[in-house]
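Structure first, commentary second.
Computed from the coordinates by the stated procedures, all read-outs in this text should not be read as laboratory data. Worth saying up front: this structure is predicted, and the values here are computed from it rather than measured. Glycine gets a Cβ as well: all are built from the backbone with ideal geometry, and neighbour counts include every protein chain shown.
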Amino acid sequence: MTTPNEILIAKNLLGIGAVALRPEPENYFTWTSGIKSPIYCDNRLTMSYPLIRKLIAQSMADLIKEKFPGVEVLAGTATAGIPHAAWVSDILNLPMTYVRDSKKKHGKTNQIEGKLFPGQNVVVIEDLISTGISSLGAVQALREAGVNVLGVVAIFSYVLSKASQAFAQANCPLYTLTNYDALIEQAQLEAQQVQTLKAWRDAL
Ligand SMILES: O=P(O)(O)OC[C@H]1O[C@H](OP(=O)(O)OP(=O)(O)O)[C@H](O)[C@@H]1O
Ligand SMILES: O=C(O)c1cc(=O)[nH]c(=O)[nH]1
């Protein structure tokens, strides 16, 4: 069942043109995982719309307070999760860190930037979940640093079965503000196109 807030966030993403469709296989987008896709959701565009980024930050803050009341630190995923982690940490008045996808090649060679203390309760902030590999990589780095990852909060998920399995296997709860089904239902597409897009996702 799609909730009113999932619909609201999906409508806002659609309203700013964050969702692009390329139905012809020869023009498919390439995702970070290498998956070829007829759809791409560019949540980075939300940075340019203060009202929408505030709606996202407040919704994430509310979700974190409800699901992870013991949170002590937020960790954004580089790069697209970082600005959202900053805005949410401001609302919740919490310290913030961010996690690179690998160790920096120079300087202090950190993968995690910012201050963490072993045993702290951390929530990871991500912009988007496809396979979940990026956010679960951040979760692993944080666990190796000795902190307790309570879970991941993201703006959007494609709800791929492989992502659900990966989060379950990593014993990491995931909550998102909206998802693929809400998005394509609000996208004012032909019924046939909605069916094709759902079948494409379900086959991944
Ligand atoms: O669930 P996954 O299959 O890992 O895919 C989702 C990731 O892909 C995008 O990041 P991208 O690698 O494009 O980098 P960016 O955040 O620096 O833009 C997005 O911001 C997520 O982090
Ligand atoms: O999997 C990805 O790389 C990906 C998909 C998508 O829709 N949007 C995005 O920013 N990244």
- Note on the structure: Here the residues within the stretch 1-20 that are within 14 Å of L197 (Cβ to Cβ) and touching a Leu at 6+ places or on another chain (Cβ under 8 Å) are A10, L14, V19
- Checked against (1) under 20 Å from D181 (Cα atoms); (2) surrounded by fewer than 18 Cβ atoms within 10 Å (Cβ to Cβ); (3) away from ligand 1 (no atom under 16 Å from the Cβ); (4) of a type in the set (A, V, I, L, M), L51 satisfies every condition except (1)
- Item | the stretch 69-91, subset within 16 Å of ligand 2 (Cβ to nearest atom), of a type outside the set (S, T, N, Q) and in a loop (DSSP other than H, G, I, E, B), residue farthest from L128 (Cα to Cα) | A78
- Total residues in the stretch 31-48, condition assigned to a loop (DSSP other than H, G, I, E, B) and within 12 Å of ligand 1 (Cβ to nearest atom): 6
- Note on the structure: Output for Cβ contacts, cut-off 8 Å, separation at least six or different chains, first residue under 18 Å from I9 (Cβ atoms) in the stretch 57-85, second among the basic types (K, R), reads A80/R44; P83/R53; H84/R53
- When A154 is run through (1) in contact with a helix residue (DSSP H, G or I) (Cβ under 8 Å, 6 or more places away or on another chain); (2) more than 16 Å from ligand 2 (Cβ to nearest atom), the failure sits at (2)
- Meets criteria (over 14 Å from the mean Cα position of the chain (by Cα), within 16 Å of ligand 2 (Cβ to nearest atom) and in contact (Cβ under 8 Å) with a residue 60 or more places away in the chain) for S48: no
